[in-house]
Amino acid sequence: MNYRRELSVALAIVVLGVVLALARPAFFSAENLNDLFLANMAVLVCAVGATLVILVGEIDIAVGSTFAFCSVAAGVVATSGLPLPVAALTACVAGVVVGAVDGALVAFAGIPSIVVTLAAMIGVRDALRWATQGAWIENLPASFQWLGLTQGSYPMAMAALLLVLIVSATWLMSETAAGRAVYATGSNRRAATLVGLDPALVVFAVFAIAGLLAGLGALINAARFNQIPSNGGIGLEMKAIAAVVVGGTAISGGRGTMLGTVLGVVLLGAIGPALTFMGVSAYWERALHGAIILTAVAIDALRARRAVPTVTAARAAAVSA
Amino acid sequence: MTLLEARSLTKSFAGVRALKGASFDLRPGEVHALVGENGAGKSTLIKIMTGAETPDGGTLTVAGETVRRMDPHTARALGIAAIYQQPSLFPDLSVAENIALALDGASLWRRVDWGARRRAAEALLDRLGAHLDPNGAVDALSMPEQQIVEIAKALGARARIVIMDEPTASLSDREVSRLFEIVQRLRADGTGIIYISHRLDEIFTLADRVTVLRDGETLVTREREGLRRDELIHLMVGRELSAVYPKRAIEPGDVVLELRGLSSRASGLSDVSLSVRRGEILGVAGLVGSGRTELAETIFGLRPYDSGTILVRNRAVPIGSPADAIALGIGYLPEDRRQHGAILEMSVAANMTLANLRAVSPRGLVDAAAERREAARFVERLRIKTPSVATEVGLLSGGNQQKVALARWLAIEPSVLVLDEPTQGVDVGAKSEIHAIMGELAARGVGILMISSELPEVLGMSDRIAVMRGGRIVGQVERDAASPQEILSMALHS
């Protein structure tokens, strides 16, 4: 595996950082970094799930709706007076349920994932709108906020949680048989069948895990506020997918790393606030996201066209590496 | 006057020479048959004539004019049309619309004259003596009816050269005679027809001349009159067995794989019985489409079967998935390496251990050091040319990719290996190495079932040869008693 994409994205982040450090040092104030982190941690958790889904060659555009559903579910349980762990568990289970249903329809019924998750995206969100009548969940118990921690310690705890999540996801993907199965399924489903793997099971499991992560993301995000909106997570799926693509995961599956996704989240998450700090209208943020995605994908396409794989080229690369 | 003349055409794919010098001419009002074994170069030749492939060398002349660059558009403009075994129509459009797409296209924004389209389609179908509703959707038509639409398209495009590639493969006898009438009609109109078929009967019924292709070269063109069937078969195969195939002298042991009356309606297999013993190579010969690959996939659990029994080491076993087959010690190297064999995005080492993940990952955790050791062992044993075991397989040459795919099965210590066209598309050096590996595996007691379209390979490598036709085993011969003529005539319709 080569880490060329990860290096380019890291380089882009460094360049952005240097420019900001020179021009707008205030960007690196603890307060701003803290805000940035809190605003993007849910994106990161969901992007880890999206990486898995895209690695097996599928897509999940229901993440935002699942996220909203899980937030509300956790909020309802919390306001009913049940203890915090039950609320936390509810968010995760709700995510697994949505993910597993989507996954079963994709893996076992053979319906294209874009269709299944489009239906889930609309269906879950509208069901939620109907169930809550658009009302937000209020009067959350004090214990729910910051998940029992304090405003000061929460970001630290979450940073630790995310670190554990990313390290273990990276490790699972590269060091376990299950990780192999994910890559094999994504790069060539037929060949994966031929070596005795069960690609349908892999796809199903990946959707369920992505659902779980959407639930976890919903939980840690909801704990930041004293109200839970019934229409949260709008556009979250696109943020997650964009980060995965920028991070170098092939949209056709089979190739990509968690590290790339993390870097993708950092780059895309930092660019908007950076614009604000530089005095550029924040309206440019989305356009810039689009440009970054297009650049990343265009570089891939050009490289694929130029590179004619031969043993000699590989040898040259191996020698120079 | 010749309609089309090909002279010394050559074409290589990734270093493998598919055409080494094909020369051929077509006169107006004749049916010219092209015959040859699988892989003789017939499809490549057709692809060049229709502009789907560009030749590396040689010239193509149509109606006296040399064509500098043939592409599908030029081919159409020159009146060349091809009809394949599988019709390529737009299933959601009507018969008339499908035919209209072949008619002269004016500007993109012209108005569509639906009435004129329908009348044109009707006129063309009439010329073919076909009674099809021009407004009917194509996907409601039967296979032969779709083929008639294809021919009508060719007529509509004012084709003077019609190439038919195995047009009868999916037709019933009655439909075949209808098709023959149409071919006679086209011939009477002065159209030149290039006719490709494995069915010698058809060639002797229809053809005016016959050209034999062998190993990418046009061997001879003969008038059909005076050509004998056995003579033609001899021309198709007649070649000395080369010495690259290692002859092995291994005493076969117990039966490791046995099939008893295996039938599957869905896969077109009927009553297949055969056995493979320890240290034996059973060659399975037959034409493309004779059910060989379907048989291999059934043994490996990729296709279900309706009746019959599979026995592994004399025990009847249910095989419902590749995982079952692997657990029983069966390995399967599929035909299409790029699509189904090695996983090109993964490293050499990861590919090799993929079918045997449990061995290198006790408790689900991959032991990277053990994996590298195992992979390095195979790289050395199979002489795989790769910069390292961490290199992506997609960067290796075809022969080396095939060896990686093979190594994956060696890693499970198989008792049965099913190899489907194990040396297709690999270069000569890698080919003889793969043959040597097969010989070595047999010597270690693996029972091998080898499907191959290459008769010399079948004859050189196998201890016994089973010939398939139409989903059945139509004959089994010992190697010493086998002749290429005999095998080919069993495989062909005769």
- prompt: Along the principal axes of its C-alpha atoms, what lengths does chain B span, in descending order and rounded to whole Å?
  reply: 71, 54, 47
- line: antiparallel share of DSSP beta bridges within the protein assembly as shown, to nearest 5, in %, is 55
statement: If amide H atoms are modeled at 1.01 Å from N in the peptide plane, then the residues at a separation of 5 or more from B:SER361, or on another chain, having amide H under 5 Å from its own are B:ASP367
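Treating the beta-carbon of each Lys and Arg as +1 and of each Asp and Glu as -1, no other charges, what is the dipole magnitude of the protein assembly as shown about its Cα centre, to the nearest 20 debye?
Working: 75 positive and 76 negative charges, 255 e Å.
Once rounded to the nearest 20, the dipole reads 1220 debye.
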query: Any idea what the dipole of chain A comes to, in debye rounded to 20, about its Cα centre with Lys/Arg Cβ at +1 and Asp/Glu Cβ at -1?
result: 880
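Please identify the longest segment of chain B free of exposed GluC sites (Glu not before Pro), where exposed means a DSSP state other than H, G, I, E or B and no more than 11 other Cβ atoms within 10 Å.
On the way: sites that count: B:GLU225, B:GLU240.
By the stated rule (loop sites, at most 11 other Cβ atoms within 10 Å), B:241-494.
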field: chain A: DSSP helices with Cα axial extent of at least 20 Å and average Kyte-Doolittle hydropathy no lower than 1.0
entry: A:4-23, A:30-55, A:63-79, A:84-107, A:113-132, A:153-175, A:199-222, A:258-277
task: On each of the three principal axes of the Cα atoms of chain A, give max minus min coordinate, whole Å, ordered largest first.
output: 67, 54, 32
task: Kindly give the semi-axes, whole Å and largest first, of the ellipsoid equivalent to segment B:4-237, taking each as the square root of 5 times a Cα gyration tensor eigenvalue.
output: 31, 21, 15
field: Euclidean distance of C-alpha centroids, segment A:244-301 and segment B:279-303, integer Å
entry: 49
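So which trypsin sites (Lys or Arg not before Pro) in segment B:282-369 are both in a DSSP loop and have at most 16 other Cβ atoms within 10 Å of their Cβ? Before the final figure, lay out the partial values.
Working: sites: B:ARG292, B:ARG313, B:ARG315, B:ARG337, B:ARG338, B:ARG358, B:ARG363; in loops: B:ARG313.
Answer in residue order: B:ARG313.
Write out the trypsin sites (Lys or Arg not before Pro) in segment B:137-209 meeting two conditions: DSSP loop, and at most 11 other Cβ atoms within 10 Å of their Cβ.
On the way: sites: B:LYS153, B:ARG158, B:ARG160, B:ARG174, B:ARG178, B:ARG185, B:ARG187, B:ARG199, B:ARG209; in loops: B:ARG158, B:ARG160, B:ARG199.
Those that pass, being in a loop and sparsely packed, number zero.
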message: In segment B:156-283, if the dipole is taken from +1 on Lys/Arg beta carbons and -1 on Asp/Glu beta carbons about the Cα centre, which of B:TYR195, B:LEU259, B:ALA157 is farthest to the positive end?
response: B:ALA157
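Taking the radius of gyration and the Kirkwood hydrodynamic radius from Cα positions alone, what is the Rg/Rh ratio for the protein assembly as shown, to two decimal places?
Working: Rg = 31.8 Å, Rh = 30.7 Å.
Rg divided by Rh gives 1.04.
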query: Farthest toward the dipole's positive end in chain B, which of B:ALA442, B:LEU492, B:VAL212, given Cβ charges of +1 (Lys, Arg) and -1 (Asp, Glu) about the Cα centre?
result: B:ALA442
field: Leading residue at positive end of dipole, the protein assembly as shown (Cβ point charges), from A:GLY264, B:ALA6, A:SER65
entry: A:GLY264
- prompt: If you line up the Cα atoms of segment A:173-214 on their principal axes, what length do they span on each, largest first, in Å?
  reply: 32, 21, 14
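In debye, nearest 20, what is the charge dipole magnitude of segment B:255-491 about its Cα centre with +1 on Lys and Arg Cβ and -1 on Asp and Glu Cβ, if you could check?
Values: 26 positive and 27 negative charges, 101 e Å.
That gives a dipole near 480 debye.
Normalised by the number of residues in chain B, what is the relative contact order in percent for Cα pairs under 8 Å and 6+ residues apart?
Numbers: 1007 pairs, mean separation 80.0, N = 494.
Result for chain B is 16 percent.
Order of B:ARG469, B:ARG224 from fewest to most other C-beta atoms within 10 Å? Kindly include the intermediate steps, with their values, before the conclusion.
Numbers: B:ARG469 20, B:ARG224 17.
Fewest to most other Cβ atoms nearby, the residues stand as B:ARG224, B:ARG469.
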message: Within 10 Å of each candidate Cβ there may be at most 16 other Cβ atoms; applying that plus a DSSP loop requirement, which chymotrypsin sites (Phe, Trp or Tyr not before Pro) in segment A:1-66 survive?
response: A:TYR3
Among A:VAL97, A:VAL18, A:VAL115: highest mean-square fluctuation, GNM of chain A, C-alpha pairs under 10 Å: A:VAL18
- request: Using Cα centres only, tell me the gap between segment A:9-58 and segment A:96-175 in whole Å.
  value: 19
message: Using alpha carbons only, how many angstrom separate the centre of segment B:144-177 from the centre of segment A:203-220?
response: 54
statement: Checked segment B:187-299 with the C-alpha gyration tensor, a ≥ b ≥ c its square-rooted eigenvalues, rounded below a/c of 1.5, otherwise prolate if a/b is larger than b/c and oblate if not; verdict oblate
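Note down the relative contact order for chain A as a percent, whole number, built from C-alpha pairs under 8 angstrom at least six residues apart. If you can, show how the numbers build up before the last one.
Numbers: 476 pairs, mean separation 104.3, N = 321.
Reported relative contact order: 32 percent.
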message: As a quick test, which of the pairs B:LYS403/B:LYS431; B:LYS11/B:LYS47; B:LYS20/B:LYS47; B:LYS20/B:LYS385; B:LYS20/B:LYS403; B:LYS385/B:LYS431 have an alpha carbon distance above 18 angstrom in this structure?
response: B:LYS20/B:LYS385; B:LYS20/B:LYS403
statement: P(r) over all Cα-Cα pairs of segment A:51-186, 5 Å bins from 0 to the longest distance, whole percent per bin, short to long, reads 2, 9, 14, 16, 18, 16, 13, 8, 3, 0
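Give me the inter-chain shielding for A:181-193: mean count of other chain Cβ atoms within 10 Å, whole number please. Before the final figure, lay out each step's value.
Values: counts 2, 0, 5, 7, 1, 2, 5, 9, 1, 6, 15, 4, 7.
Taking all residues of A:181-193 together, the mean is 5.
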- prompt: So how do B:420-426, B:400-406 stack up, highest first, on mean other-Cβ count within 10 Å?
  reply: B:400-406, B:420-426
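Here, each number is a calculation from the coordinates, and none is a lab measurement. All figures in this text were calculated on a predicted structure; none of them were measured in a lab. Glycine also receives a Cβ, built like all others from the backbone with ideal geometry; neighbour counts cover every protein chain displayed.
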